[in-house]
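K.L.:
Got a structure for you, written out below as C-alpha cells; questions coming shortly.
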Amino acid sequence: MSEATPVLQARQIVKRFPGTLANDHVDFELRRGEIHALLGENGAGKSTLTNIFAGLYRADEGEIFVNGTRTEIGSPRAAIQLGIGMIYQHFMLVPSQTVTENIILGLDEPRFLLNLPQAEKRVAELSKQFSLQVDPRAYIWQLSVGEQQRVEIWKMLYRGAQILILDEPTAVLTPIEARELFATLHSMSAQGRSIIFISHHLDEILEIADRVTVMQKGKVTAAGLAAKGMSKNDLARLMVGREIVFALDKARMDPGEARLKMENVRALNDRGLPALQNFSLEVRANEILGIAGVAGNGQRELSQVITGLRPVVSGRIHLGAYDLTDRSPGHIFDIGVGHVPEDRLGTGLASGLSVMNNLILRRYKQEPIARGIAINWGAANRISRTLIERFDIATPGVHTRVGALSGGNTQKVILAREISTRPDLLVAVHPTRGLDVGATEAVHKLLLEQREQGAAILLISEDLDELLAISDRIAVIFDGRIVGEMPAENADMEKIGLMMAGTKVDS
Ligand SMILES: Nc1ncnc2c1ncn2[C@@H]1O[C@H](COP(=O)(O)OP(=O)(O)OP(=O)(O)O)[C@@H](O)[C@H]1O
Ligand SMILES: [Mg+2]
C-alpha cells in the first residue's frame, strides 16, 4: 500500500430505510493520519454512513475499501478486525468492573483474561502514549463521563484500531474534557491513526479537522475540503445553503418582577440520595437564567421539582406570589409554567400520536378545542396548522406521527406547544441538544422572543456557547448546589469550566 492509498474509501454507498434514502450514492475517502470531519444537518445521513463503516448497518449498494482492498464489513466484530473502532455516545461499559476489565472484556484471546496484571501494564502504557489519564484499576462507576469516554477510546486502541469514528463525542463533555479529547485525537493522528469526527459544533470542527466532508439529505455536497482557512460561515453555508446568524441580537432588557423563587429546596434522586441541597435561586420576568453544569449534578431533579414531576423534601417554590411546591404537573402548567423536558420522546411527547394530538395536548380541555365533553376537531386542526406554520415545523401533515419527525422538528413541536400558551415561566432543559446549527438558531430565537415578551426562562444546558449566547445570567450547579453565579456578558469560560468540575474558584 502506498502512502497515498486511502485507509478507508466508500464508493457509491446507498442505504435505504422505509420511506427514507439515508445515503444516496455516497463517496467518502479517509487518509492516513488525518482528522476528517463529517458535517451535515439533522437527518443528513452521517450516522448511517459511519454505522456502515462500523459494521452495524449493511449498505444496500456500493463498495468499501480498507487500505485499498475491497471489503465487506459484516459485523462490528469484522470492523474491529479491520482496525475500525467506533466510539459510541452511550458508552457500553460495565459499571461494576474496572477499567482494565472493561478494556479486555469481549476479546477473543482468553490469555488476556487470565493475565490481568499484564493487561493493566499494557493499558497504562497506552495511557501514557496518548496522554489519556485514567487509573487502570478504577471502577467504571467511579469515573466521570469524560473519563468513561477515554476508556472507550482505550478499548479501541487496545484492539488495534487504526481508524476511529467519533459520533458527536463532545456533546457529553465539559469544555476542559473536550480540550483533553482534542489533544488525544491530535496525538493519535500524529501517530498515523485516522479519525472520522462528527459534530454540530462548527468551532470544534475548525479547531481540529484537517478536512471536511459535508452531507445534505443523504448526498455528499462537498467532499474532503481542506478545513484550513475556512470560517464558521463557510461551513454553515455548505451545510444548509444559507447564512446562519451566529451572533444573535439579544435586546437589552431590564429584568422585571421575580417570577420563580426557590428557597432552600431539598430533593432526592431516583436512588433516594440527595440531589438538591438547600437549593435557592430566582428568575425574573424578561430574563433567561442559564444553569451550567455537568450532567448528573441535580439538573434533572431541578427541572422536575419545579414542574411537579418530583416531590421536594423541604423548602418552597413560588411562581410570583403563588406557592407551587408539590402541586401536580397539570396544576403547575395551568398557573403558567411551560416545560421543555430533556427526553423529548418520553416526557415531552407521545411519540405514537399525531403532530396535532401532541400540539393540542395541553389545550383539549379549553375553548375552542373543548366543546362540552367532546373535542372540536375542526378547531384542533386549525390551531395545529397555525402552529406548524408559525413555528416552521417541517412535517408531511397534522396527522403524521410525531415520532417520525427529525430531531429538530420534534423539538419545535414541544416548543410550539409550550410557548404558544404564553407561560410566565419556561423551564427548558437541553433545548438544542443534538440539533443542527439551523434548528439550534431557530430554537434560540424562539427563546429570546419569549424573553422579550416577558417570560422568565430557566435554561438548563451543558453547552456553554449556548448559555453564553442567550442567557442574561449564568449559575453553575455542582453536587446539587449553586456554586457560582455571574452575568453572561464577560463571563469567563475557563472559570465556569472549573466550577462545573467542582473546583473552588474565587469569584
Ligand atoms: N434505523 C433506522 N430506521 C429508519 N430510519 C432511519 C434509521 N436510522 C436512520 N434513519 C433515517 O435516515 C436518515 C438519516 O439519519 P442519520 O441518523 O444518518 O442522520 P444524521 O446525519 O446522523 O443526523 P443527526 O445529526 O440528527 O444525528 C434520517 O431520515 C433518519 O430518520
Ligand atoms: Mg447522527
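Since every read-out is calculated from the coordinates, none of them should be taken as a lab result. Since this is a predicted model, take the numbers as computed values, not measurements. Counting neighbours? That spans all protein chains shown, and the Cβs are built from the backbone with ideal geometry, glycine included.
K.L.:
Where the second residue is polar (S, T, N, Q) and in a strand (DSSP E or B) and the first is in contact (Cβ under 8 Å) with a residue 40 or more places away in the chain and more than 15 Å from ligand 2 (Cβ to nearest atom) and lies in the stretch 428-441, which pairs have Cβ atoms under 6 Å and are six or more apart or on separate chains?
P.N.:
Every condition considered, the pairs that remain are His430/Ser461.
K.L.:
Out of the stretch 185-205, which residues are in a helix (DSSP H, G or I), buried (at least 22 other Cβ atoms within 10 Å of the Cβ) and either under 23 Å from the mean Cα position of the chain (by Cα) or within 16 Å of ligand 2 (Cβ to nearest atom) (or both)?
P.N.:
Looking only at the stretch 185-205, we keep the residues that are in a helix (DSSP H, G or I), and these are 185-190, 202-205.
Subset that is buried (at least 22 other Cβ atoms within 10 Å of the Cβ): 188, 202.
Within the stretch 185-205, just Leu202 meets the criteria.
K.L.:
Taking the stretch 297-332 as the region of interest, how many residues are small (Gly, Ala, Ser) and free of Cβ contacts under 8 Å to residues at least 24 places away in the same chain? If you could, list the steps in order and put the result at the bottom.
P.N.:
To start, the set of residues in the stretch 297-332 that are small (Gly, Ala, Ser) comprises 298, 303, 308, 314-315, 320-321, 328, 330.
Pick out the ones that are also free of Cβ contacts under 8 Å to residues at least 24 places away in the same chain and you get 321, 328, 330.
Residues meeting the conditions: 3.
K.L.:
A further question follows. Those residues that are surrounded by fewer than 21 Cβ atoms within 10 Å (Cβ to Cβ) and among the aliphatic types (A, V, I, L, M), I need them from the stretch 296-316; list them, please.
P.N.:
Leu309, Val313
K.L.:
Only one of (1) within 16 Å of ligand 1 (Cβ to nearest atom); (2) without any contact (Cβ under 8 Å) to a residue 40 or more places away in the chain; (3) in contact with an Asp or Glu (Cβ under 7 Å, 6 or more places away or on another chain); (4) not aliphatic (A, V, I, L, M) fails for Glu204. Which number is that?
P.N.:
All conditions pass for Glu204, except number (3).
K.L.:
Could I ask something else about it? Which ones in the stretch 159-180 are assigned to a helix (DSSP H, G or I) and either closer than 19 Å to Asn102 by Cα or touching a residue at least 24 places away in the same chain (Cβ under 8 Å) (or both)?
P.N.:
Let us first name the residues in the stretch 159-180 that are assigned to a helix (DSSP H, G or I), namely 169-172, 175-180.
Selection gives Pro169, Thr170, Ala171, Val172, Pro175, Ile176, Glu177, Ala178, Glu180.
K.L.:
Ok, one more. Residues that are within 13 Å of ligand 1 (Cβ to nearest atom) and polar (S, T, N, Q): list the strands (runs of 3 or more DSSP E) wholly contained in the stretch 18-92 that include at least 2 such residues. Give the steps one after another, and end with the answer.
P.N.:
Numbers: elements: 20-30, 35-40, 61-66, 69-71, 84-87.
So the answer is 20-30.
For (1) within 16 Å of ligand 2 (Cβ to nearest atom); (2) in contact with a Cys (Cβ under 7 Å, 6 or more places away or on another chain); (3) farther than 16 Å from Ile163 by Cα, each residue gets a yes or a no:
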residue: Gln12; (1), (2), (3): no, no, yes
residue: Phe17; (1), (2), (3): yes, no, yes
residue: Ala22; (1), (2), (3): yes, no, yes
residue: Arg31; (1), (2), (3): no, no, no
residue: Thr48; (1), (2), (3): yes, no, yes
residue: Leu56; (1), (2), (3): yes, no, no
residue: Ile73; (1), (2), (3): no, no, no
residue: Pro76; (1), (2), (3): no, no, no
